[in-house]
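Undergrad: Right, I'll just put the structure down here and ask away after.
The values are calculated or read from the model by the stated rules, or taken from the named source; none is laboratory data. Just so it is clear, the model here is predicted, and its values are computed rather than measured. Here the Cβ is made from the backbone with ideal geometry for all residues, glycine too, and neighbour counts use every protein chain on show. Ligands, DNA and RNA are stripped out before the accessible areas are found, and what is left, the full protein with its side chains, is counted by its heavy atoms. Shrake-Rupley method; radii C 1.70, N 1.55, O 1.52, S 1.80 Å.
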Amino acid sequence: MSRNPNIPDRWPPRRPTNSPQGSISDGNASQGLPPSLPGQVEGDHGQLARTGEAGLRRSRRRNSRKWKLNLRIPTNWQFWGAITVVLSGSIGFYSVGMLLKLPALPDCAAVFWPMASVSSRLYCAQASASQQTVRGLLDAIALLEGLPEDHPMRNEINRNIEEWSTEVLDLAEEGFNTGNLQEAIATAKKIPTHVSAYKLVKDRIARWQTIWAKAEEIYRQVESELESLHWHDAFMKANRLSAVANKYWSTTKYEELTAKIQTAQQDSGKLDKAQDLIRSGGLDNLLSAINLAEEISPQSYVYRKAKTTIAELSNRLIQLAKDNLDQRNWQRVLEIANRIPASLDLQAETQDLIDLARAQARAEIGNISSLEAAIAEVQKIEPSRPLYAKAQELRSRWQREIEDVAHLERSRELAKAGGGSDISAAISEAQLISSTNPRYQEAQKQIQRWRNEIETREDRPYLERAQSLASGGDVASLQAAIEEARKIGSGRALYQEARNNINQWTNRIQIAQDRPYLAQAESLANAGNLNGAIATAEQVREGRALYREAQAKVRSWRQEIQGEQALQSASQLAKSGTPESLTAAIQSARQVPGASRQSSEAKTAIDGWSEQLLSLAQGRAASNLNEAIAIARNIPAGTSAYRNAQNQIKEWEKALAPPSPTTSPTVINTSN
């Protein structure tokens with residue numbers, strides 16, 4: 001018989017397996033032994049170890065077949081025993097007992113397979129298959145395949161090989177469901193090509209690959225949606241993964257994806273909040289936004305966006321510090337530099353900001369020596385430093401500022417003498433500072449102060465003479481004061497003070513001129529000549545000091561005229577005494593303004609005419625209730641007759657209402 005190359009010359013020494021339950025392993029598992037047959041001596045082999053719950057289920061299915069196969073090994077012995085019984089009845093029972101007793105169990109690790117017996121191959125094949133591992137099942141198949149095709153037990157051997165091949169395919173399926181596609185395919189391809197189970201391999205592998213490719217495509221689509229920050233679409237596509245016919249993809253990978261989606265949504269919310277803080281501006285908000293962005297882990301799908309946000313925030317912090325440097329706010333620069341998080345990796349920029357702020361603090365003293373010290377400080381910043389350009393910008397500014405300070409100090413020295421020519425010389429010196437130089441604004445303010453001082457000296461005498469003239473109090477004195485104050489031109493240091501005095505003196509003149517008009521108008525109004533009073537008061541023109549007072553009086557007198565006219569018209573209407581004329585008179589009298597002197601008189605007249613209307617209505621009630629009601633309804637609310645009129649209307653309306661139908665009494669027939 002030729003040697004099967006798949007069978008080792010020596011069975012490998014037994015060793016414990018470390019393979020997890022239910023996993024596919026091509027390594028050598030620990031050698032176990034099948035359950036002992038009745039009468040079989042176990043020796044040191046012991047009970048076979050079972051690997052995993054799946055192995056237990058497969059072992060139970062194969063249990064009955066194994067017992068049958070093991071019993072077939074001594075079948076030839078029983079046959080010969082039976083012949084012995086026929087030949088020698090005296091020793092029959094003894095011979096049968098001896099023949100039924102199995103030989104000692106072989107040590108599979110020490111068997112030399114080219115010389116091994118059939119019973120040893122059968123036993124060791126079963127022992128190897130009982131490990132329920134891919135390697136064990138394949139070794140078992142290899143052991144039995146080496147037996148001749150015409151062996152008496154070939155049918156049983158083939159059944160074992162078929163079953164073990166099916167179990168190898170089942171283990172490959174388990175591997176596929178735990179996420180090991182390539183290992184599952186490799187395992188399935190190890191099944192012998194001539195067994196029936198091999199016909200399932202191609203279809204099974206194709207199904208696995210189709211399912212796997214579909215799952216991978218869904219996973220890629222979900223990842224694409226996540227990278228585009230489309231959370232809803234990602235979740236909807238992830239749900240398709242839960243329906244894939246593979247436990248690894250439908251559970252493990254599905255749960256992995258949903259967790260990623262939830263994390264990405266939470267991280268996106270943090271970035272949205274960070275953007276709100278950025279828009280709000282300010283150092284505290286920028287730092288809070290950085291903290292939120294840094295909470296996002298590198299595994300998040302919004303991590304790239306978070307990194308972009310952090311980079312933007314880093315630039316904003318540096319720019320904020322630069323802006324404060326330009327504004328010479330070195331204290332704020334130091335605050336920003338000290339609060340920049342170390343995680344931003346801006347240590348070089350931070351140190352440059354601190355150095356520049358300290359240099360600016362020196363320059364802020366403002367004298368030549370402090371500026372020179374500041375320049376020496378920034379010159380320490382080398383060209384390789386991040387803020388070297390900013391340092392050079394400050395150095396250039398401070399060098400120009402040294403020239404400006406020299407001019408300012410010279411001009412101040414000139415101005416100390418206090419004379420007009422000295423101050424003029426100081427102004428000329430300060431004007432040497434160009435508008436492009438840092439101290440230009442300071443120089444202009446100083447120049448303006450000196451000019452104000454000169455103008456004040458020149459114009460103060462005009463203002464003092466004007467105030468002296470105005471002290472006379474009469475119109476002529478006030479006009480002379482105004483003319484003197486007007487000598488102070490626009491834009492001069494005392495111009496505004498002069499204008500205030502001029503306005504005050506002008507008002508005093510206008511009051512003196514216009515007060516007689518108002519006095520005369522008051523006199524005419526008291527005499528009853530309201531039109532004359534109005535005409536006189538209107539001589540006070542708009543823009544004059546008493547214009548508002550005059551207009552207020554004009555409005556009051558016009559109301560009185562309106563009231564008189566309305567009351568006179570009402571009295572004329574009421575003279576005829578008809579319901580219609582009395583109603584019209586009341587309406588006219590109600591047009592009298594409440595603020596006029598005729599208001600009280602108008603109210604008294606309206607009350608009287610309302611009483612007349614009520615009397616007319618009561619008289620008309622005797623002949624026509626509808627007309628009486630119509631007359632009474634013209635009496636307005638708030639008059640003395642209004643309540644009585646309303647009561648009368650209710651009584652008359654009740655009288656006009658049709659009587660309610662009465663129920664006829666029931667007639668009881670008592671004739672019976």
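Undergrad: Any chance the stretch 442-459 includes a residue that's polar (S, T, N, Q), open to solvent by 20 Å² or more (accessible area, probe 1.4 Å) and not in a helix (DSSP H, G or I)?
TA: No, every residue in the stretch 442-459 fails to be polar (S, T, N, Q), open to solvent by 20 Å² or more (accessible area, probe 1.4 Å) and not in a helix (DSSP H, G or I).
Undergrad: I want to confirm something. Restricting to the stretch 377-410 and keeping residues that are among the small types (G, A, S) and open to solvent by 50 Å² or more (accessible area, probe 1.4 Å), which single residue is farthest from N324 (Cα to Cα)?
TA: Taking the stretch 377-410 and keeping what is among the small types (G, A, S), we get 384, 389, 391, 396, 406.
Next, from what is left, pick out any that are open to solvent by 50 Å² or more (accessible area, probe 1.4 Å): 384, 389.
Working: S384: 23, A389: 16 Å.
Top of the filtered list is S384.
Undergrad: Under 48 Å from the mean Cα position of the chain (by Cα) and touching a residue at least 40 places away in the same chain (Cβ under 8 Å), is that true of R358? Break it down stepwise before answering.
TA: Numbers: under 48 Å from the mean Cα position of the chain (by Cα): yes; touching a residue at least 40 places away in the same chain (Cβ under 8 Å): no.
No.
Undergrad: Identify the residue in the stretch 389-429 that is hydroxyl-bearing (S, T, Y) and free of Cβ contacts under 8 Å to residues at least 24 places away in the same chain and, among all such residues, is nearest to K445 (Cα to Cα). Walk me through it before giving the result.
TA: Restricting attention to the stretch 389-429, the residues satisfying the condition of being hydroxyl-bearing (S, T, Y) are 396, 411, 421, 424, 428.
Next cut, free of Cβ contacts under 8 Å to residues at least 24 places away in the same chain only: 396, 421, 428.
Working: S396: 23, S421: 19, S428: 14 Å.
Among those that are hydroxyl-bearing (S, T, Y) and free of Cβ contacts under 8 Å to residues at least 24 places away in the same chain, it is S428.
Undergrad: Now for a different question. Read through the list (1) within 60 Å of the chain's Cα centre (by Cα); (2) over 18 Å from Y198 (Cα atoms); (3) assigned to a helix (DSSP H, G or I), then give the number of the only condition that Q131 fails.
TA: Every listed condition holds for Q131 apart from (3).
Undergrad: Condition test on A234, is it small (G, A, S), free of Cβ contacts under 8 Å to residues at least 60 places away in the same chain and in a helix (DSSP H, G or I)? Walk me through it before giving the result.
TA: Numbers: small (G, A, S): yes; free of Cβ contacts under 8 Å to residues at least 60 places away in the same chain: yes; in a helix (DSSP H, G or I): yes.
The answer is yes for A234.
Undergrad: What are the residue pairs meeting all of these: first residue in the stretch 190-217, first residue modelled with pLDDT under 90, second residue among the aromatic types (F, W, Y) and open to solvent by less than 90 Å² (accessible area, probe 1.4 Å), Cβ atoms under 6 Å, and 6 or more apart or on different chains?
TA: Every condition considered, the pairs that remain are I191/Y198.
Undergrad: Suppose we filter Q598, Q520 for residues that are in contact with a helix residue (DSSP H, G or I) (Cβ under 7 Å, 6 or more places away or on another chain) and free of Cβ contacts under 8 Å to residues at least 24 places away in the same chain; which single one remains?
TA: On the way: Q598 fails: free of Cβ contacts under 8 Å to residues at least 24 places away in the same chain.
Selected residue: Q520, the only one of Q598, Q520 that is in contact with a helix residue (DSSP H, G or I) (Cβ under 7 Å, 6 or more places away or on another chain) and free of Cβ contacts under 8 Å to residues at least 24 places away in the same chain.
Undergrad: Hey, another quick one. Looking at the stretch 539-570, which of the residues that are in contact with a helix residue (DSSP H, G or I) (Cβ under 7 Å, 6 or more places away or on another chain) and of a type in the set (S, T, N, Q) is farthest from Q618 (Cα to Cα)?
TA: Q539
Undergrad: Considering Q504, Q520, Q539, which residue is touching a Ser or Thr at 6+ places or on another chain (Cβ under 8 Å), at pLDDT 90 or above and among the polar types (S, T, N, Q)? Talk me through it step by step, then tell me what you get.
TA: Details: Q504 fails: touching a Ser or Thr at 6+ places or on another chain (Cβ under 8 Å); Q539 fails: touching a Ser or Thr at 6+ places or on another chain (Cβ under 8 Å).
Result of the check over Q504, Q520, Q539: Q520.
Undergrad: Name the residue that is nearest to the chain's Cα centre (by Cα), counting only residues in the stretch 195-222 that are buried (at least 16 other Cβ atoms within 10 Å of the Cβ), farther than 16 Å from D170 by Cα and not hydroxyl-bearing (S, T, Y).
TA: Ranking the candidates gives V222 first.
Undergrad: While we're on this one: Output the residues belonging to the stretch 609-636 that are farther than 12 Å from Q648 by Cβ, open to solvent by 40 Å² or more (accessible area, probe 1.4 Å), in contact (Cβ under 8 Å) with a residue 12 or more places away in the chain and outside any helix (DSSP H, G or I).
TA: N634 - this is the single residue of the stretch 609-636 that is farther than 12 Å from Q648 by Cβ, open to solvent by 40 Å² or more (accessible area, probe 1.4 Å), in contact (Cβ under 8 Å) with a residue 12 or more places away in the chain and outside any helix (DSSP H, G or I).
Undergrad: Read through the list (1) crowded, with 22+ Cβ neighbours inside 10 Å; (2) farther than 27 Å from W231 by Cβ; (3) of a type in the set (A, V, I, L, M); (4) at pLDDT 90 or above, then give the number of the only condition that A363 fails.
TA: (4)
Undergrad: Which condition does K101 not pass, out of (1) modelled with pLDDT under 75; (2) of a type in the set (D, E, K, R); (3) closer than 20 Å to A197 by Cβ, if it passes all the others?
TA: So the condition that K101 fails would be (3).
Undergrad: Then there's this: Can you pull out the residues in the stretch 460-475 that are in a helix (DSSP H, G or I) and among the small types (G, A, S)?
TA: Within the stretch 460-475, A466, S468, A470 meet the criteria.
Undergrad: While we're on this one: What are the residues in the stretch 361-407 that are over 14 Å from R328 (Cα atoms), hydrophobic (A, V, I, L, M, F, W, C) and in contact with a helix residue (DSSP H, G or I) (Cβ under 6 Å, 6 or more places away or on another chain), if any? Show your work before the answer.
TA: First pass over the stretch 361-407, keeping only residues over 14 Å from R328 (Cα atoms): 367-370, 372-373, 375-389, 392, 396, 399-400, 402-407.
Checking which are hydrophobic (A, V, I, L, M, F, W, C) leaves us with 368, 373, 375-376, 378, 381, 387, 389, 402, 405-406.
Once the filter is applied, which keeps residues that are over 14 Å from R328 (Cα atoms), hydrophobic (A, V, I, L, M, F, W, C) and in contact with a helix residue (DSSP H, G or I) (Cβ under 6 Å, 6 or more places away or on another chain), the stretch 361-407 yields I368, A373, I375, V378, I381, L387, I402, V405.
Undergrad: If I go through the stretch 335-345 residue by residue, how many of them are hydrophobic (A, V, I, L, M, F, W, C) and closer than 15 Å to E294 by Cα? Before you say what the answer is, go through the steps one by one.
TA: The first filter runs over the stretch 335-345 and keeps only residues hydrophobic (A, V, I, L, M, F, W, C), leaving 336-337, 340, 342, 344.
Narrowing the set further to residues that are closer than 15 Å to E294 by Cα leaves 340, 342, 344.
The qualifying residues number 3.
Undergrad: Taking the stretch 601-616 as the search range and keeping residues that are closer than 18 Å to G563 by Cα and not small (G, A, S), which one is modelled with the lowest pLDDT?
TA: E601
Undergrad: Continuing with this model, one more query. Report yes if some residue within the stretch 545-564 is under 30 Å from T506 (Cβ atoms), without any contact (Cβ under 8 Å) to a residue 12 or more places away in the chain, open to solvent by less than 70 Å² (accessible area, probe 1.4 Å) and among the small types (G, A, S); otherwise report no.
TA: Yes - at least one qualifying residue is present in the stretch 545-564.
Undergrad: Same structure again: Restricting to the stretch 342-394, count the residues that are of a type in the set (V, I, T), farther than 24 Å from L408 by Cα and not in a helix (DSSP H, G or I).
TA: Of the residues in that region, 1 qualify.
Undergrad: Within the stretch 145-193, can you find the residues that are outside any helix (DSSP H, G or I) and either open to solvent by less than 10 Å² (accessible area, probe 1.4 Å) or closer than 19 Å to Y123 by Cβ (or both)? Reasoning before the result, please.
TA: Keep residues of the stretch 145-193 that are outside any helix (DSSP H, G or I), which gives 146-153, 178-180, 190-193.
Matches in the stretch 145-193: G146, L147, P148, H151, P152, M153, I191.
Undergrad: Could you check the stretch 271-340 for helices (runs of 4 or more DSSP H) lying wholly inside it with 1 or more residues that are surrounded by 14 or more Cβ atoms within 10 Å (Cβ to Cβ) and in contact (Cβ under 8 Å) with a residue 60 or more places away in the chain?
TA: Values: elements: 283-294, 303-326, 330-339.
Because the criterion is at least 1 residues that are surrounded by 14 or more Cβ atoms within 10 Å (Cβ to Cβ) and in contact (Cβ under 8 Å) with a residue 60 or more places away in the chain, the helices (runs of 4 or more DSSP H) in the stretch 271-340 that meet it are 303-326.
Undergrad: Take the residues of the stretch 473-515 that are charged (D, E, K, R) and farther than 16 Å from L546 by Cβ: which is most open to solvent (accessible area, probe 1.4 Å)? Walk me through it before giving the result.
TA: First pass over the stretch 473-515, keeping only residues charged (D, E, K, R): 474, 483-484, 486-487, 492, 497, 499, 508, 514-515.
Adding the requirement that they be farther than 16 Å from L546 by Cβ leaves 474, 483-484, 486-487, 492, 497, 499.
On the way: D474: 70, E483: 105, E484: 24, R486: 134, K487: 118, R492: 74, E497: 71, R499: 77 Å².
Looking at residues that are charged (D, E, K, R) and farther than 16 Å from L546 by Cβ, I get R486.
Undergrad: With the requirement that a residue be within 20 Å of K189 (Cα to Cα) and free of Cβ contacts under 8 Å to residues at least 40 places away in the same chain, what does the stretch 140-169 give you?
TA: Result: A140, L144, N158, I161, E162, W164, S165, T166, V168, L169.
Undergrad: Please count how many residues of the stretch 118-128 are among the hydroxyl-bearing types (S, T, Y) and either outside any helix (DSSP H, G or I) or open to solvent by less than 10 Å² (accessible area, probe 1.4 Å) (or both). Quick ask: steps written out before the conclusion?
TA: Step one: of the stretch 118-128, the residues among the hydroxyl-bearing types (S, T, Y) are 119-120, 123, 128.
If we keep only those that are either outside any helix (DSSP H, G or I) or open to solvent by less than 10 Å² (accessible area, probe 1.4 Å) (or both) too, we end up with 128.
Of the residues in the stretch 118-128, 1 are among the hydroxyl-bearing types (S, T, Y) and either outside any helix (DSSP H, G or I) or open to solvent by less than 10 Å² (accessible area, probe 1.4 Å) (or both).
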